[in-house]
Amino acid sequence: MSLTTFLAELDGLIQELEKDLDKASSISQLEEVRIRYLSRKGRLAEVMKGLPKLAPEERPEAGRKANEIKEKLSSLWEAKKRFFEQKEKEERLRDFDPTLPGRIPPVGTLHPITLVIEEVSAIFTSLGFEVVLGPEVETDFYNFEALNIPPEHPARDMQDSLYITDKTLLRTHTSPLQVRTMLAKKPPVAAIAPGKVYRRDSDLTHSPMFHQIEGFLVDKKVTMADLRGTLTLFLHRVFGSETRVRFRPSFFPFTEPSAEVDISCVMCGGKGKVAGKTCRVCKETGWVEILGCGMIDPAVFKMVNYDPEEYSGFAFGLGVERIAMLKYSIGDLRIFFDNNLRFLKQFV
Amino acid sequence: MLLSLNWLKDFVPFAGDVEDLAHRLTMVGLEVEEIASPFAYLETVVVGKVVECKPHPKSDHLSLCKVDVGTEVLPIVCGAPNVAQDQLVPVALIGTTLPSGLTIKKAKLRGELSVGMICSAQELELGEDSSGIWVLNQEFSNLKVGDNLIDALGLDRYVLDIGITPNRADCLSVLGLAREVAVLYSLPLQLPCVEVKESTEEIDYEIEIKAPEDCYLYQARLLTDCTLKESPAWLRFRLLTSGIRPINNIVDVTNYVMLELGQPLHSFDRKLLAGKKIQVDLAREGQEFTTLDGKKRKLLRSDLLIWDAEKPVALAGVMGGENSEINENSTEVLLECAVFNPVTIRKTARRLGLSSESSYRFERGIDQLLSPFALERATHLLQQLTQARVLRGVARKETKPYKERIITFRSGKVSELLGIEISEEFCSKTLESLGCGLQPGAEKWLVTPPSYRQDLEREVDLIEEVGRIYGLDRIPATLPKVSKSLKVEKEDWFQFLSKIKHWAKGVGLNEAINYSFVAEETLDLLQKEDKEQRVYILNPLSEEQNVLRTNLLAGILNTVRVNFGRENRDLRLFEVAKTFFLDKEQETLCREEHRLALLLTGSREGNFWPYSADKKVDYLDLKGLVEHLAQVFGCQDLEFRLVENKDFYLKPWVKVFQQGEEIGFLGLVEEEIADRFEANQELWYADLNLEKIFACYQQKRYSFQELPKFPGTTRDITLVCPLSLKLVEVLEVISELKVALLEEVRVIDIFYPQGKAEKNVTLRLFYRSKDKSLKDKEVNKIHDKIGKTLLDKLDVRFP
Ligand SMILES: [Zn+2]
């Protein structure tokens, strides 16, 4: 074999490789090309077998050329490989699916009752009220007598009780906290008392256990206008500042005067109708009852040794479930204590 | 209280709009809950005249009628035996729905067309008679053909349903409400007729009140030659409108006057009374008495009875006796009009579950000064309706005459309390219009409230009256200017509970709120040991709610059942609530413990890709939550100890100690218990004492530790241990060595070789020095020593 032939064969490899590289359309075909040309039994190695057959003086040049070709072949192949890799990277990016479900940690929720209690408490604490808590099993004294509801008073009919003994019962309202707090402190006092309360009553609109928030404030020269102002501010924060507030006389044994507070209906905005139909929340009256309140009765002040000539104060009590139902458009009271996960998880 | 507008108009010449009336009453504290139209179904029932009536050719009991209903003459097939030509009858026109639910449609009866229906009084719910059609012209005059029955019979188009608060006993009558309407509309008040024609014969009854504390006034009238019959329509209708079923003219009159004036009355059949004496006395302890509903009642010494000369004849103020009630043979009536102690009546009525219209009014207080008037009114009506002979005079005894109250009133206090300027003039005008006597003074007035306003006792009550009439809704909104100390507790209990709840939310738990009461059966199922400490409800609504929870699980199991029943089987729940235990030391006789419950069950991470539904929560998930809580709230050195107790509801049952003090427990709910709540999978439950955690939390302080300056190094060690060996035993051996350079020990693997009763535990030990880089040789020496000690002290080996 002559050097010329040898060199021509080497040169020829380049063109052949380029042709094969052009034809290669995948990484595996590319690998086949590498084996065909660059492996120990590949085309280059085959050509190189001719090297010992050359004359000794021709070998250095042939060797140099062979190396040159080998590098050239490798770099051509590498370039093609990089091309494929790049292409593959691009394809991977193109196929990335950002819409697959994520690994979401479990989502916790607070009960809507807790949400309302926390919202209301936050509003009143920002006004300087403190939050007080008390026992759920109460004595007749704190639950009734100290609140100006003596035994056999017809007002006891307003709250049918669950008794533990003849002198203790499950508290029927959070109002005992008025007495407990005032007995422990001298005026001025301003506090709210959220918690569970119990009545012997169970039907579509009554639950034997429900939640109330009692609020009260005592100082010198506190007026019913202050009560209205405080409640209006509170109701505007909870239901929006367009809410109208109405006071109408009522009766609670531990306040005098007493009032029932209505707000313009949250469903129909006080119009009484929704899309031409009778509003189911306010039954077309445009108003919904939201809480009871009044000026603390002098009889209660006497029980806690406050001088009614020196001090005056107001108190109010609101139903947490009622607010939750209005605020979150819940129609059925019983759903609160079923704790169906599908219900609970709506309050994320 | 149902108020007939027509009846109201007997007292005040009200001519206004019913909506306006309802609004004004509501705004003075007499809440109108509904403006009812109880007779709306009569709008299309009209007065018709039977102009022709002949037998049905194909029936022997049907008649073919032609009925003039004003606008047209309708063919109507009628099945009543008493139908006849020229009768005026009620005709329900096509489209009318009768109270029974029947809607009148055009029909063919045995081939004959019938357009409308001639009704009986009973079908219209205006009388008891169902024997035939209602022949109106026998009972009413001035009927006009074509008029609807509401107008024709003078029925109420509107009836107000008014919620009367317990303080307003005076408004439990038409008269009382009329007084308010008179004030609101500045109308004169007209009292009804009480004219009685007395015979010359005098009543010869003796009244003896043996229980003067329980009966303040007792009066009686005697009427003879009464004709007992159905009451006239106007009276029946008024009772119906007010929700009371008419019975006969005598009983109806007593009910009528009670509704009209608020004074309950009772009528005895005089011929059934022994002797000429009425006694008011308490019952004998254990005495039995049959009330007129036929029920035998067991009485106590505190129950008040009315007696004739020999026997009890009525349960005072609550219900009459069967032995003296008005019956179809009654001709002589002893009419009782009394005032009893409200508390006495209330106790009896409540204990016997016998709340009646009568007891309801007595409990709230009767206007004693009006009582004689009410007796005269009832006597007048009875005489009119039964043509009775009324004996001269009233048998009467009063042990406690009504005493006027005089209240000191400062008009300045009105503005001071209400926060709005109200003039003296308005105050005096209002109080007078409400019936108060007024004696003005420079600073103080003396006010005498009327006898019917027993709720007015103090100055503040009068202030309320002024505010009520002025309009509480006119009070402006101001904010209190309180001089309140800024001092508040560092962190109160409520804030802490809130933090706990937010922690639970943050770790992906859903808050549940369960009833505080559960079924005793449930507590028994869980644990019998706490029986003596349980707090029972004396008068539970049901056996399902008869005892307070001594553990939170008892309630949470209900939540589990609800959710499993709705295919929610993966639960991560928490509840913050109280448990209750008997405790004589407490003033409420009950110790309340605030606790946190956690419950995990079902899939650990999720049932769907990329998670696997096979991975279920286990002990380590729950324990991890407890440890997380402990870290966040500053509880250190937790210990978890397995407790053996066959009777407990958790198995395993692990108690958690914090620096030696128990703060709660956790474990797996017994399978049988879970099964009872339809939860056939593992329920992992933890129950923690929040007061104990609060104590830790209050101690929690942040204190900065220098960060390490030199690199540390680790060594692993694998021990082959018996299955019974607890990890803590290994860790204790290591910690007892007190190796200063050992920073931390962590488990990196636990492997259970197949077929062998042992486990391979691999630990990684972290070594570090505070002031230099450690050399391998040094570490190896310590590490080897630890390894050797473990082999010495424990039944373990190297693999
Ligand atoms: Zn509405």
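The values are calculated or read from the model by the stated rules, or taken from the named source; none is laboratory data. This is a predicted model, so every value here is computed, not measured. Heads up, the Cβs are rebuilt from the backbone with ideal geometry, glycines too, and the neighbour counts pull from every protein chain shown. Heavy atoms of the whole protein, side chains included, go into the accessibility calculation; ligands, DNA and RNA do not. Shrake-Rupley method; radii C 1.70, N 1.55, O 1.52, S 1.80 Å.
Data overview
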quantity	calculated
Pairwise label distance in nanometres, B:Leu538 with A:Asn67, each label 7 Å out on the Cα-Cβ vector	11.1 nm
Total formal charge among the other residues, if their Cβ is under 14 angstrom from that of B:Asp151, Lys/Arg +1 and Asp/Glu -1	-1
Debye intensity ratio I(q)/I(0), log10, the stretch A:211-348, q values 0.13, 0.18, 0.21 Å⁻¹ (C-alpha model)	-0.66, -1.03, -1.22
Chain A, relative contact order in percent, only Cα pairs under 8 angstrom and at least six apart counted	15 percent
Packing-based ranking, highest mean first, of B:310-320, B:567-577, B:785-795 given that Cβ atoms within 10 Å are counted	B:310-320, B:567-577, B:785-795
Within straight-line cross-link reach of B:Lys772, lysines at Cα separation under 16 Å, skipping those fewer than 8 residues along the same chain	B:Lys709
Residues along the stretch B:1-47 losing 20 Å² or more of accessible surface when the other protein chains are present rather than the chain by itself (probe 1.4 Å)	B:Thr26, B:Met27, B:Gly29, B:Glu31
Cα convex hull of chain B - mean projected area over all directions, nm²	56.7 nm²
Kirkwood Rh in Å, taken over all unlike Cα pairs in chain A	27.1 Å
Given charges at beta-carbon only (K, R positive; D, E negative), |dipole| of chain A in Debye	1180 debye
The stretch B:528-589 - Rg and Dmax from Cα coordinates, angstrom	14.5, 46
In the B-A interface, the accessible area buried, summed over both sides, Å² (probe 1.4 Å)	7600 Å²
Sulfur and carbon atoms: percent of accessible area, the stretch B:198-398 [1.4 Å]	47 percent
Proximal lysines to B:Lys615, defined as alpha-carbon separation beneath 20 angstrom and excluding residues fewer than eight positions away on the same chain	B:Lys623
Accessible area per residue, Å², the protein assembly as shown with all protein chains present, probe 1.4 Å	47 Å²
Chain B: relative contact order in percent, alpha carbon pairs under 8 Å with at least 6 residues between	8 percent
Subset of A:Lys186/B:Lys499; A:Lys345/B:Lys616; B:Lys403/B:Lys429; A:Lys221/B:Lys484; A:Lys19/A:Lys80; A:Lys220/B:Lys444 violating a 19 Å alpha-carbon distance limit	A:Lys186/B:Lys499; A:Lys345/B:Lys616; B:Lys403/B:Lys429; A:Lys220/B:Lys444
The stretch B:13-69 - Debye-derived log10 I(q)/I(0), Cα point model, q = 0.13, 0.21 Å⁻¹	-0.60, -0.91
Surface/4 of the Cα convex hull for the protein assembly as shown, nm²	76.6 nm²
Local net charge near B:Ser100, Cβ-Cβ under 13 Å (Lys/Arg +1, Asp/Glu -1)	-2
Percent accessible area from carbon and sulfur atoms, the stretch B:713-793, protein chains only, probe 1.4 Å	51 percent
B:Leu582 long-range amide H proximity, modeled H, under 5 Å	B:Arg534, B:Val535, B:Arg591
Shape box of the stretch B:1-154 [Cα atoms, principal axes, largest first, Å]	64, 30, 29
Sequence-separation-based contact order of the stretch B:217-266, relative, with Cα cut under 8 Å and 6+ spacing, percent	27 percent
Accessible-area composition of chain A, carbon plus sulfur, in percent [1.4 Å probe]	52 percent
Degrees separating the helix A:112-126 axis from the principal Cα axis of chain A, which is the longest one	70 degrees
Fully extended contour minus Cα-Cα distance, from B:Glu34 to B:Glu425, at 0.36 nm per residue	137.3 nm
Threshold 50 Å² - residues in the stretch B:521-542 whose accessible area is reduced by that much or more when the chain is no longer isolated, probe 1.4 Å	B:Leu538, B:Asn539, B:Leu541
Dimensions in Å of the stretch B:277-328 - Rg and Dmax from alpha carbons	10.2, 33
Residue with peak Gaussian network fluctuation, chain A [Cα springs, cutoff 10 Å], from A:Gly276, A:Gly240, A:Gly317	A:Gly276
Sequence of B:Val632, A:Val304 when ordered by accessible area, the most exposed leading, probe 1.4 angstrom	B:Val632, A:Val304
Translational diffusion of the stretch B:301-434, µm² s⁻¹ [Kirkwood Rh, Cα pairs; Stokes-Einstein; 25 °C; 0.890 mPa s]	132 µm²/s
Residues whose placed amide H lies under 5 Å from that of B:Glu201, excluding near-sequence neighbours	B:Arg392
Top of A:Pro105, A:Pro308, A:Pro60 by mean-square fluctuation, Gaussian network on chain A, Cα under 10 Å	A:Pro60
List of the stretch B:130-171 residues, accessible area with partners at least 10 Å² below that of the chain alone (1.4 Å probe)	B:Thr165, B:Pro166, B:Asn167
Fraction of the pair-distance distribution of the stretch A:1-67 above 15 Å, Cα-Cα pairs, percent	53 percent
Hydrodynamic radius of the stretch B:422-467 per Kirkwood, over alpha carbon pairs, in Å	10.7 Å
For the stretch A:108-170 versus the stretch B:620-648, the gap between their alpha-carbon centres in whole angstrom	34 Å
Globularity index of the stretch B:713-793, i.e. its alpha-carbon radius of gyration over 2.2 N^0.38 Å	1.15
Dimensionless Rg/Rh of the stretch B:110-241 - Kirkwood Rh, Rg from C-alpha atoms	1.08
Mean Kyte hydropathy of 0.5 or more with a Cα span along the axis of at least 15 Å, helices from DSSP in chain B	B:174-185, B:249-261, B:553-565
List A:Met48, A:Met295, ordered by accessible area with a 1.4 Å probe, largest first	A:Met48, A:Met295
Anchor B:Lys197: aspartates and glutamates whose Cα lies under 13 Å away (excluding residues fewer than 8 positions away in-chain)	B:Glu376
Net length gained if the chain between B:Arg284 and B:Lys615 were fully extended (0.36 nm per residue, minus Cα distance)	111.9 nm
The stretch B:753-799 and the stretch B:684-723: distance between their alpha carbon centers, rounded to Å	20 Å
Charge sum, other residues only, whose C-beta stays under 14 Å from B:Leu479's C-beta, Lys/Arg counted +1 and Asp/Glu -1	+3
Estimated [θ] at 222 nm from DSSP helical runs (n ≥ 4, -39500 (n - 2.57)) normalised by residues in chain B, nearest 500	-8000 deg cm²/dmol
